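*Asks:* Supplied in structure tokens, the structure appears directly below.
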Amino acid sequence: MGLLFKWLGRIIGGAVTLALVAAIAAYWYAGRANLYQTSGEMTLPVLDAPVTVFRDSNGVPYIRAESFRDVIRAQGFVVAQDRLFQLEMVKRAALGRLSELFGDATLITDTDSRVIGFHRIAQDHWRVLNDENKRMLSDFTDGMNAYITLHADDHPWEFQLVGAQAELWNETDLLAMMLFYAWENGANFYAEIATQSLVETVGPERAAEIAPLTINPDEPGRARASSARYGSLGVDPGAVDWTRIVRQSAGIGGSNAWAVNGARSPGGAAVVANDPHVDVRNLPGFWHPVGLITPDWRAVGVNAGLPGVSAGRNEHLAWGVTNGYADVVDLYVETPDPAHASRYMEGDQSLPFREIRETIRVRGGDEHVITVRFTGRGPVISDHDWTPFSESIISVRWAVAEYPQADLGIKAGIQAQSVDEAIAAWSKHRMFGFSLVLGDVDGRTARLSTGAAPIRTRGDGSAPFLVDGQDNWTGLIPGSEMPRLVDPDQGWVGSANQYVQPYNYPYPFTTFASPSWRYERLQQLLAGTGEISVQEHYDAQRDNKNVFAQSVAPIMAAALAEDQTTAPLAVILREWDHSDVLDSAAPTVFQATYRHFARRVFGDDLGDATEGYLSFWYVWQQRLHAIVLEGDAVWGSWFDDARTSKRETRDDLFRLAGQDAIAELTEAYGAGADNWRWADVRSMRRTGPLRLDGLMGRLTGNQTYPQPGSGETLNRALFGFSESGFDPQWSASLRMVADLSDPDKVLAVLPGGVVGRTRHPLLDNQIDAFREGGLDYLWFSDAMIEQNAKSKLTLGSGEEQQP
């Protein structure tokens, strides 16, 4: 989910014309408020019985219906009211149809979607879904379509400004959008491309030395490196075009989630905390909050324009969601048939490529036709500039596409009444590779991995697999055997996207996971046996202590102190408490120096490929940390710069990196640490729904403000490695703490708002509370929903009006 709004912002903003700017100005001065009806009565013919929608001061809809089907229909209706333009853009991205609106600016994005074929895969999934799941999707789209057809007068005016109309949805559109999210959630195959590019640049043996390192913090001392045997494709190192893959490298959103058992919670029931991390720069944000209420069930929480609740609570259970990075995608190096260009080799057998043609309509231009070739594993992505190896045929295999399931597990998951029921339900879920965190009213807790993780008999998914005629996949890891942790003695479970595979786990699960530092900080905060209040959970989500810096900064400072030029940096680091707070220059000094240090460690080996490789944080970050701690005795050849006559040490490189940092910071911000406070060098830049810059951006909702934290803190605010400066791109998209002993509410604050409409007062009204640690709530009980209601809308089915 991390890349989605990043490139949507670039696309929409980049496609703005003078005519569009003029139209925005006309709307602005005409006073068009972009509002819609939230009180009184409306007709929703798809309902079986009337539905009531209360909204609180933040605009959160609480939907009270007589049946589950009606509550899902009404959810589709209200999400269309609040987020129709946003969802239309996501749907078009999934279907490969953005270029119909934005021309050549989105042609690469549309081509990518057509090559993977989310629309084709959605049809395959629809064919195998059971009736209950089909009904849920149909009910949701029925509600959306009722709003689109019956209330065209109050559609978001963004549609008119970009020259589009809201189109009706069908069930496979919704499935395609889910698959689009799932692809971004689980497509760590970009790291495979980075690893293979590293092999081609430095050779297999040298690449194996710095293979990605993963650590399960619950099993300290058992770090794991990839076990794959890297092999070269015979590509000329100078021909490896890293620019082709850097655009894909930033998709490392993450999340924090944990659940504390009843013995450590003041009310005796479990408490679940969750802050999912995505690219939050575009307003109103990723998540849409909602309450769903029927006579025998209720849930409140958030979702991303889909039916149900992705993170939230019901009367018996609370759940939070993080990216589990289950490796569900592999790349394959195909062998062409030397005698027939239209065929490929499957061992000794020659098989024809299957081909389909996709036609992309381009606004202001001709139709763009692409041919997608397929092997038995999946589409050939190397035909479409997805890899930097122009002479190799690379196909991609996605387990979610290959193994469609009859049951999405959503309804049973959100209606589960215990941890055990939730595990049974979510174990069936194969679309998203989550680490789910669960807690129930009886005080039990669990962490559960979901997703379509293949059983690999050869290879571990860290690099492309050379096809030899024998399949290296033999099905999926059974849901009952996916990594899980239930009711541990420590009294809590958690996920910070860390490696969760136990040391003796029988299957290759992933080689791509977050470094362990956020989880290690969580271990520090949750250590002991005492009770932890809701406020303390909320404070932990905003915690800025950098455990990574705590281990590296003393080594860095000791090296910097030995050079007159860099000695002032050492003073700053030695006085630091390793908290990435805004009023300190130490986070800036540390991050700038370490970034240059990474370049110096790898630069002589990688040359022009250095920035491309380092753009993939998770590929190298844990490994370089180990290199720093183990020092010259083990890693001397990597510290030595082969381009000089001197033999450099680790500390030499820290001093050189310190000099680099001083030069960079002085040029960008001025001389002296007084100009280098964390608040001075990084800002969260939020844009409105139209993603405009400059004056029009300010007029349509853009905001800029300093952002504490870093990529290594629980209060995560990660910047792109190769971006200039330190502006964060990935941060918390929600802070939620659900105490199941509280019958009335869930603490929940968004870094934006509920409504995705330009100029709407609820587009960004929660930003200040989110920044400042203010408290806000989703209401759970009927009494609190009605007490806090600011509007009430009755949706009639139309039947009650008949004589």
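*Asks:* Quick check on residue 680: is it open to solvent by 20 Å² or more (accessible area, probe 1.4 Å) and among the charged types (D, E, K, R)? Working first, answer last.
*Replies:* On the way: open to solvent by 20 Å² or more (accessible area, probe 1.4 Å): yes; among the charged types (D, E, K, R): yes.
The answer is yes for residue 680.
Rundown of residues vs (1) closer than 30 Å to residue 142 by Cα; (2) surrounded by 19 or more Cβ atoms within 10 Å (Cβ to Cβ), yes/no style:
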position	(1), (2)
165	yes, no
172	yes, yes
177	yes, yes
182	yes, yes
195	no, yes
202	no, yes
213	no, yes
221	no, no
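*Asks:* Taking residue 340 as meeting all but one of (1) closer than 30 Å to residue 103 by Cβ; (2) more than 29 Å from the chain's Cα centre (by Cα); (3) open to solvent by 40 Å² or more (accessible area, probe 1.4 Å); (4) not basic (Lys, Arg), write down the number of the exception.
*Replies:* Here residue 340 clears every test but (1).
*Asks:* Any residue in the stretch 289-303 that is of a type in the set (Lys, Arg), at pLDDT 95 or above and buried (at least 22 other Cβ atoms within 10 Å of the Cβ)?
*Replies:* Start the filter on the stretch 289-303 by keeping residues that are of a type in the set (Lys, Arg), which leaves 298.
Still in the running and at pLDDT 95 or above: 298.
Remaining after also requiring buried (at least 22 other Cβ atoms within 10 Å of the Cβ): none.
Checked the stretch 289-303: no residue is of a type in the set (Lys, Arg), at pLDDT 95 or above and buried (at least 22 other Cβ atoms within 10 Å of the Cβ).
*Asks:* Another question, if that's okay. What number of residues within the stretch 448-463 satisfy the criterion of being within 20 Å of residue 179 (Cβ to Cβ) and assigned to a strand (DSSP E or B)?
*Replies:* 2
*Asks:* From the list 422, 463, 446, 412, which residue is over 30 Å from residue 235 (Cβ atoms), open to solvent by 10 Å² or more (accessible area, probe 1.4 Å) and in contact (Cβ under 8 Å) with a residue 12 or more places away in the chain? Show your work before the answer.
*Replies:* Details: 422 fails: open to solvent by 10 Å² or more (accessible area, probe 1.4 Å); 463 fails: over 30 Å from residue 235 (Cβ atoms); 446 fails: open to solvent by 10 Å² or more (accessible area, probe 1.4 Å).
The unique qualifying residue is 412.
*Asks:* Among the small types (Gly, Ala, Ser) and open to solvent by less than 10 Å² (accessible area, probe 1.4 Å), is that true of residue 527? Before you say what the answer is, go through the steps one by one.
*Replies:* Numbers: among the small types (Gly, Ala, Ser): yes; open to solvent by less than 10 Å² (accessible area, probe 1.4 Å): no.
For residue 527, the condition - among the small types (Gly, Ala, Ser) and open to solvent by less than 10 Å² (accessible area, probe 1.4 Å) - is not met.
*Asks:* Also: Could you tell me how many of the residues in the stretch 28-43 are open to solvent by 30 Å² or more (accessible area, probe 1.4 Å) and either modelled with pLDDT under 95 or outside any loop (DSSP other than H, G, I, E, B) (or both)?
*Replies:* Total meeting the criteria: 10.
*Asks:* Which count do you get for residues in the stretch 109-128 that are surrounded by fewer than 20 Cβ atoms within 10 Å (Cβ to Cβ), of a type in the set (A, V, I, L, M, F, W, C) and touching a helix residue (DSSP H, G or I) at 6+ places or on another chain (Cβ under 9 Å)?
*Replies:* Going through the stretch 109-128 one residue at a time, the tally reaches 1.
*Asks:* Every residue in the stretch 633-643 that is free of Cβ contacts under 8 Å to residues at least 40 places away in the same chain and open to solvent by less than 60 Å² (accessible area, probe 1.4 Å), please.
*Replies:* First pass over the stretch 633-643, keeping only residues free of Cβ contacts under 8 Å to residues at least 40 places away in the same chain: 633-637, 639-640, 642-643.
The answer is 635, 636, 637, 639, 640.
*Asks:* Please enumerate the residues belonging to the stretch 347-363 that are open to solvent by 40 Å² or more (accessible area, probe 1.4 Å) and assigned to a strand (DSSP E or B).
*Replies:* To start, the set of residues in the stretch 347-363 that are open to solvent by 40 Å² or more (accessible area, probe 1.4 Å) comprises 348-349, 351-352, 354-355, 357, 359, 361, 363.
Once the filter is applied, which keeps residues that are open to solvent by 40 Å² or more (accessible area, probe 1.4 Å) and assigned to a strand (DSSP E or B), the stretch 347-363 yields 349, 351, 352, 354, 355, 357, 359.
*Asks:* Conditions: (1) touching an Asp or Glu at 6+ places or on another chain (Cβ under 8 Å); (2) in contact (Cβ under 8 Å) with a residue 60 or more places away in the chain; (3) open to solvent by 10 Å² or more (accessible area, probe 1.4 Å). Residue 487 meets all but one. Number of the miss?
*Replies:* All conditions pass for residue 487, except number (1).
*Asks:* Let me ask something else about it. From the list 333, 309, which residue is under 27 Å from the mean Cα position of the chain (by Cα), surrounded by fewer than 24 Cβ atoms within 10 Å (Cβ to Cβ) and not hydroxyl-bearing (Ser, Thr, Tyr)?
*Replies:* On the way: 333 fails: under 27 Å from the mean Cα position of the chain (by Cα).
Unique residue meeting the criteria: 309.
*Asks:* Which of the helices (runs of 4 or more DSSP H) contained wholly in the stretch 568-655 include at least 1 residues that are within 18 Å of residue 515 (Cβ to Cβ) and under 31 Å from the mean Cα position of the chain (by Cα)? Before the answer, list the steps.
*Replies:* Working: elements: 586-606, 610-614, 617-630, 632-639.
Result: 586-606, 610-614, 617-630.
*Asks:* Of all residues in the stretch 753-803, count the ones that are at negative phi and part of a loop (DSSP other than H, G, I, E, B).
*Replies:* Kept after step one, since they are at negative phi, are these residues of the stretch 753-803: 753-758, 760-772, 774-797, 799-803.
Adding the requirement that they be part of a loop (DSSP other than H, G, I, E, B) leaves 753-758, 760-766, 774-776, 780-781, 788-790, 797, 802-803.
Counting residues in the stretch 753-803 that are at negative phi and part of a loop (DSSP other than H, G, I, E, B) gives 24.
*Asks:* Against the condition open to solvent by less than 10 Å² (accessible area, probe 1.4 Å), at pLDDT 95 or above and either of a type outside the set (Lys, Arg) or not in a helix (DSSP H, G or I) (or both), how does residue 46 come out, does it pass?
*Replies:* On the way: open to solvent by less than 10 Å² (accessible area, probe 1.4 Å): no; at pLDDT 95 or above: yes; either of a type outside the set (Lys, Arg) or not in a helix (DSSP H, G or I) (or both): yes.
Here the answer is no, as residue 46 does not meet what is asked.
*Asks:* Right, next: Taking the stretch 553-585 on its own, how many of its residues are in contact (Cβ under 8 Å) with a residue 60 or more places away in the chain, of a type in the set (A, V, I, L, M) and closer than 25 Å to residue 539 by Cα?
*Replies:* Number satisfying all stated conditions: 3.
*Asks:* Where the second residue is of a type in the set (S, T, N, Q) and the first is farther than 17 Å from residue 710 by Cβ and lies in the stretch 661-680, which pairs have Cβ atoms under 6 Å and are six or more apart or on separate chains?
*Replies:* Final answer for the pair search is 669/675.
*Asks:* Collect the residues in the stretch 656-703 that are assigned to a helix (DSSP H, G or I), hydrophobic (A, V, I, L, M, F, W, C) and under 20 Å from residue 564 (Cβ atoms), keeping them in residue-number order. Lay out the reasoning, then the answer.
*Replies:* Taking the stretch 656-703 first, the residues assigned to a helix (DSSP H, G or I) are 656-669, 673-675, 678-681, 694-699.
Filter once more, so that each one left must be hydrophobic (A, V, I, L, M, F, W, C): 656-657, 661-663, 665, 668, 673, 678-679, 681, 695-696, 699.
If the condition is that a residue be assigned to a helix (DSSP H, G or I), hydrophobic (A, V, I, L, M, F, W, C) and under 20 Å from residue 564 (Cβ atoms), then 656, 657, 661, 662, 663, 665, 673 are the ones that fit.
*Asks:* Could I ask something else about it? Please go through the stretch 375-403 and pick out each residue that is farther than 12 Å from residue 332 by Cα and open to solvent by 40 Å² or more (accessible area, probe 1.4 Å).
*Replies:* 383, 385, 390, 391, 402, 403
The values are calculated or read from the model by the stated rules, or taken from the named source; none is laboratory data. Small disclaimer: the values here were computed from a predicted structure and weren't measured. Because the Cβ atoms are built from the backbone with ideal geometry, glycine has one as well, and the counts that use them run over all protein chains shown. Note: areas computed on protein heavy atoms with side chains; ligands, DNA, RNA excluded. Shrake-Rupley method; radii C 1.70, N 1.55, O 1.52, S 1.80 Å.
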